[in-house]
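The values are calculated or read from the model by the stated rules, or taken from the named source; none is laboratory data. On a predicted model such as this, the values are computed, not experimentally measured, just so you know. Reconstructed Cβ throughout: ideal geometry from the backbone, glycine too, with neighbour counts over all protein chains shown.
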Amino acid sequence: MMDHPSESKHANPKIREEFNKAFALLEKDDMNSDALAILKRNISEECTSSMVLLGLIYSNGNETEREESIELFHKAAELGDNSGMRNIGYCYALGINVEKNKENGAEWYTRAAEAGNAKAMCNIGVMYSYGNGVPVDLNKAFEWFTKSSQGGYPRGMTNLGEFYLYGKGTEKNVDVAEEWFKKSGSPRSLYRLAEVYSRERNDKDTGMKYLRESA
């Protein structure tokens with residue numbers, strides 16, 4: 001999924017307040033006209049969160065709105081918004097409102113990751129894992145999953161745990177893998193914990209416990 005900003009970091013508190021108002025209205029009605037008007041006013045004040053949020057709304061609209069969606073993501077990215085950067089990467093990687101181009105997707109994911117977006121760090125890690133838009137490089141994938149995990153992203157933690165569990169891009173370390181799976185807490189990480197306990201710890205009871213929790 002694309003980034004969905006829930007707050008604005010604009011320097012002007014009035015702009016931040018208006019963004020919060022628009023966000024609340026959109027939670028009740030995702031095409032609320034008052035909310036859209038607020039976002040457009042905020043965009044004129046270079047509120048990048050408003051650009052990304054309106055771009056996300058327009059990404060499912062008519063042809064003109066879909067084109068504007070990409071323009072809004074680019075405008076936010078030009079102003080340094082890493083969610084705008086990541087959403088461009090996501091669109092290119094999957095061919096959403098642009099021609100599919102995994103190389104461009106990888107480039108924008110990298111920009112977003114280098115700008116501090118933990119989800120993008122995971123995205124580019126996955127691309128290095130499978131050679132999508134970049135050459136396969138498990139060492140780089142491991143590095144990006146590590147950074148994503150340190151940034152608090154659960155999917156990055158699960159992927160990092162798998163790399164430790166299977167010795168991909170690093171030496172196998174079941175103890176560290178277990179730690180990251182527990183920190184993640186995602187269904188996939190719970191499934192991997194079942195694998196850790198059943199296969200690596202020879203503890204079938206605990207393995208079955210995690211397997212049930214993962215379902």
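Summary table
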{"item": "Hey, residue 64 exposed (fewer than 13 other Cβ atoms within 10 Å of the Cβ) and either among the small types (Gly, Ala, Ser) or modelled with pLDDT of 95 or more (or both) or not", "result": "yes"}
{"item": "Residue satisfying all of: in the stretch 128-138; over 16 Å from residue 157 (Cα atoms) and of a type outside the set (Phe, Trp, Tyr); surrounded by the fewest Cβ atoms within 10 Å (Cβ to Cβ) among these", "result": "135"}
{"item": "Residue within the stretch 154-167 that is closer than 19 Å to residue 87 by Cβ and among the hydrophobic types (A, V, I, L, M, F, W, C) present", "result": "no"}
{"item": "Lone unmet requirement of (1) β-branched (Val, Ile, Thr); (2) in contact (Cβ under 8 Å) with a residue 24 or more places away in the chain; (3) over 30 Å from residue 80 (Cβ atoms) for residue 126", "result": "(3)"}
{"item": "Filter pass, residue 95 being under 16 Å from the mean Cα position of the chain (by Cα), in the same structural domain as residue 6 (by TED's automatic domain parsing), more than 26 Å from residue 200 (Cβ to Cβ) and not aromatic (Phe, Trp, Tyr)", "result": "no"}
{"item": "Search result, residues across the stretch 166-198 that are within 13 Å of residue 210 (Cα to Cα) and not hydroxyl-bearing (Ser, Thr, Tyr)", "result": "178, 181, 182, 185, 187, 188, 190, 192, 193, 194, 195, 196"}
{"item": "Residue 184 touching a Pro at 6+ places or on another chain (Cβ under 9 Å), surrounded by 22 or more Cβ atoms within 10 Å (Cβ to Cβ), free of Cβ contacts under 8 Å to residues at least 40 places away in the same chain and within 29 Å of residue 106 (Cα to Cα)", "result": "yes"}
{"item": "Failed item in (1) touching a Gly at 6+ places or on another chain (Cβ under 8 Å); (2) outside any helix (DSSP H, G or I), with residue 198 passing the rest", "result": "(2)"}
{"item": "The stretch 67-109, subset among the polar types (S, T, N, Q) and crowded, with 24+ Cβ neighbours inside 10 Å, residue nearest to residue 10 (Cα to Cα)", "result": "83"}
{"item": "So residue 155, is it of a type in the set (Lys, Arg), part of a helix (DSSP H, G or I) and over 23 Å from residue 112 (Cβ atoms)", "result": "no"}
{"item": "Top-ranked residue in the stretch 129-152 [being assigned to a helix (DSSP H, G or I) and of a type in the set (S, T, N, Q); ranked as nearest to residue 85 (Cα to Cα)]", "result": "148"}
